[in-house]
Every structure is written in structure tokens, then in C-alpha cells.
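First comes the structure, then the notes that go with it.
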Amino acid sequence: MKLYYGVNACSLAVLIAATEAGVPLDLVKVDIYHTPHTLPDGSDYSAVNPKLYVPVLEFDDGSRLTELAVQVQYVADLVPESGLAPAPTSLERYRLQEWLNYIATEIHKSFSPWLFHPEVGPLAQEAARAKIAIRLKQIERRLTAQDYLMADFTVADGYLFTVLGWSKFAKVPLADFPNVQAWQARIAARPAVQDAVRRHV
């Protein structure tokens, strides 16, 4: 199975999930900073994903799966004993999906494109930072009484860790969120996360 990824992109969350689960992935680097996005051989990435973004999982038969929230659940389900996702159809599985959707729509999409493209203007960027701060207040409260977003580490933690890793570059201050900062340190200390970060270059 291949993972098409981009440096500094959210594809890190899929690699974290796979590394935690012990699922081997062949990594294919996409130059997401070149227009059009290109593959290592110089070919146009749109032939792989017409949506024009990473990540993409490609199976041995050549079929592909897009959308990060779906991909990390797929990887987790390959190794159910990893505990990276609750059992399908359980209420806790829907709680996981609740977190994945919240991270995707309310946090991830507030970083990108708003804070990665200066052409949107300073007023729009400050509005995006303010929205992220409001969302982080909920997560800060959640982490008051527990170490992870759910009872144990799941793919949602890997996804949020990836997105919040953009905070320094995007000038999103985290000083007011000590629980979030402690959680970040806890995730960063996991051996599988360290290995995934090392490979995602």
C-alpha cells in the first residue's frame, strides 16, 4: 500500500496511524509546493488525485482512497487490536468520527487556506486565529481530566497533533492552553509518532 504525501501536510496523520498500527506503507512524495503538483518522476499528480491534494492511499490493485478522516479509520481497522479506533458501529466509534469531523472542519480548515496564504489578508487571518482559539478552548477543557481526546490514544489524536504542529508557522499562540501543550508533548514522545515525523520529510 502506498501513501502519497506532502512535506508539512496533513498526510503525517495517516503515517502516524500506520506506524502506530504497524501497517507498512510505501511513501511517495508529492511536491505540493510546485504548480501543478508533481511526483518524483516529474509527472502531474492530478493523474493520481484529481482533487489535487494529499494524502492518497493506493492499494495493490491500483485503486485509491482519499479524505484523511476516512483513511485513518481504514488503517486503524486493518489492525483492530491496535486500539486506534473503537469497534465499528459502537457508539464510541461515532464519538471518534465526531472528533475527526470537528478537527477537519473547525480546526484544519481554519489553518488552511487562511493562514498559509498571505494574500487572503491580515483581517481574514486574524479572524481565523480567533476561531481556532475558540475551538481550542473546548479541547483544553476536554484535556483537563484525561490524557487524550478519548479514553486512550486514537487516530483523532494523531490528526489533531498534525494540525496543531502548524501553529508556530501560522502564528497561532498556544500559551493560553497548557493542557493542549502538555498533550502535544505527550503525543510527541510516542515512539511511533517520532518515527512517523522522521519519515515524513
Listed pairs Lys2/Lys171; Lys131/Lys168; Lys2/Lys51 exceeding 21 Å between Cα atoms:
Lys2/Lys171
Electrostatic dipole magnitude of the chain [Cβ: Lys, Arg +1; Asp, Glu -1; Cα centre; debye, to 20]:
700 debye
For 16-22, 137-143, ranked highest to lowest by mean beta-carbon neighbours within 10 Å, the order is 16-22, 137-143
Phi-derived 3J(HN,Hα) across the range 118-134 with the Karplus relation (6.51, -1.76, 1.60, θ = phi - 60°), rounded Hz, x for Gly and Pro, is x, 5, 6, x, x, 5, 5, 5, 5, 5, 5, 5, 5, 5, 4, 4, 4
Restricting to the chain, what percent of DSSP beta bridges are antiparallel, rounded to 5?
65 percent
If you count only protein heavy atoms and use a 1.4 Å probe, how large is the accessible surface of Trp99, to the nearest 10 Å²?
20 Å²
With 10 Å bins from zero, work out the P(r) of the range 124-201 over every alpha carbon pair and list the percent per bin.
17, 52, 27, 4
Projected onto the charge dipole of the chain (unit charges on the beta-carbon of Lys, Arg, Asp and Glu, signs +1, +1, -1, -1), the Cα from Asn101, Ser43, His200 with the largest positive-side position is that of Asn101
If one computes the Cα centroid of the range 61-89 and of the range 134-201, what distance in Å separates the two points?
20 Å
With +1 at each Lys and Arg Cβ and -1 at each Asp and Glu Cβ, the charge dipole magnitude of the range 109-165 around its Cα centre, to the nearest 20 debye, comes out at 240 debye
With a 1.4 Å probe and all protein chains kept in place, how much accessible area does Lys109 have, in Å² rounded to the nearest 10?
110 Å²
Student exercise, the range 68-182 dipole from Lys, Arg, Asp, Glu Cβ charges, in Debye to nearest 20:
400 debye
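The values are calculated or read from the model by the stated rules, or taken from the named source; none is laboratory data. Model, not experiment: these values are computed from the prediction. As a convention, Cβ positions derive from the backbone with ideal geometry for all residues, glycine included, and neighbour counts pool all protein chains shown. When the accessible area is computed, the model is the full protein with side chains, heavy atoms only, and any ligands, DNA or RNA have been set aside. Shrake-Rupley method; radii C 1.70, N 1.55, O 1.52, S 1.80 Å.
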